[in-house]
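The values are calculated or read from the model by the stated rules, or taken from the named source; none is laboratory data. A quick note: this is a predicted structure, and the numbers were derived from the prediction, not measured. For neighbour counting, all protein chains shown are included, and Cβ atoms are generated from backbone atoms with ideal geometry for every residue, glycine included. Note: areas computed on protein heavy atoms with side chains; ligands, DNA, RNA excluded. Shrake-Rupley method; radii C 1.70, N 1.55, O 1.52, S 1.80 Å.
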Amino acid sequence: MSTVILIMGEPGQGKTTSMRNLNPEATVYFDCDKKGLPWRGWRKQYSKEKGNYFATSNAGAICNALESIDKEKSEIKTIVIDTLNWIMIDEEFKRMKEKGYDKWQDLAFSVKVLISKAKQLRDDLTVIFVAHTQTETDDSGMIFTRMKTSGKKLEKISVESMFNTVLLAKCVDGRYFFETQARNSTARSPKGAFETFEIENDIVEVIKVLEEF
């Protein structure tokens, strides 16, 4: 069983930048937002020609690629899917003219299938999903942050519940970090895996901790 991680946060909080230290030779990057990667020299590390970078938000195509990597590319140890939100938007736009409940059920199902597929890959693979968040204030004034989703069906499913590790990316006074446990959010991690609530914004270190846990 592979390891799956969800990194969530608002734009500009360091979600994608946290991938900067991954080994490009052992990583496949699905750039669903199709905006490139935010560090100098990334084009020399990742490209379609190298076979480790794909600008697509098609859930079916990504699912098929996961199967191929699992069976045929033993050198690949990390897969990044950035972001889940654009996969949802892609599916929503394909059927935007349709009315009725069925399309929202199908959207929720496609997201669930993709995450389930990622969890079924070989043991030495880590799949990292990246997602945007939304912060809401209820009638009592409580502020709560969760992953942003398309449609009520995905809200009911609670996408975060499909992950053992959900890290919330934040930037405060120029310091980028991950929150490892809930602080008015859906952040979570295995009990005892991380010593503190705030850890360095580096997915390589996160993977090391989870491998040793």
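Remarks
- Ranked by the mean number of other Cβ atoms within 10 Å per residue, highest first, peptides 178-185, 35-42, 128-135 order as 128-135, 178-185, 35-42.
- Structure-based [θ]222 nm, the chain - -39500 (n - 2.57) summed over DSSP H runs of at least 4, per residue, nearest 500: -9000 deg cm²/dmol
- In terms of distances greater than 18 angstrom between alpha carbons, the cross-link table entries Lys148/Lys191; Lys48/Lys73; Lys34/Lys71; Lys50/Lys77; Lys170/Lys191 yield Lys148/Lys191; Lys34/Lys71; Lys170/Lys191.
- Carbon + sulfur, % of accessible area of the chain - ligands and nucleic acids excluded, 1.4 Å: 50
- Ordered from longest to shortest, the equivalent ellipsoid semi-axes for the chain are 24, 23, 17 Å, each the square root of 5 times a Cα gyration tensor eigenvalue.
- Per residue, in Å², the accessible surface of the chain once ligands and nucleic acids are set aside, probe 1.4 Å: 53
- Global geometry of segment 1-49, whether rounded, prolate or oblate, following the gyration tensor of its Cα atoms and the 1.5 cut on a/c: oblate
- Inter-centroid distance (Cα atoms) of segment 114-147 relative to segment 3-43, Å: 15
- Computed Rg/Rh of segment 160-213, alpha carbon atoms with Kirkwood Rh: 0.94
- The magnitude of the dipole of the chain, with charges of +1 and -1 set on the Cβ of Lys/Arg and Asp/Glu and taken from the Cα centre, is near 580 debye.
- A convex hull fitted around the alpha carbon atoms of segment 27-73 yields 68 Å³ per residue.
- DSSP bridge analysis restricted to the chain gives an antiparallel fraction near 35%, rounded to the nearest 5.
- Axial C-alpha extent at least 18 Å, average Kyte-Doolittle at least -1.0 - helices from the chain (DSSP): 59-72, 102-119
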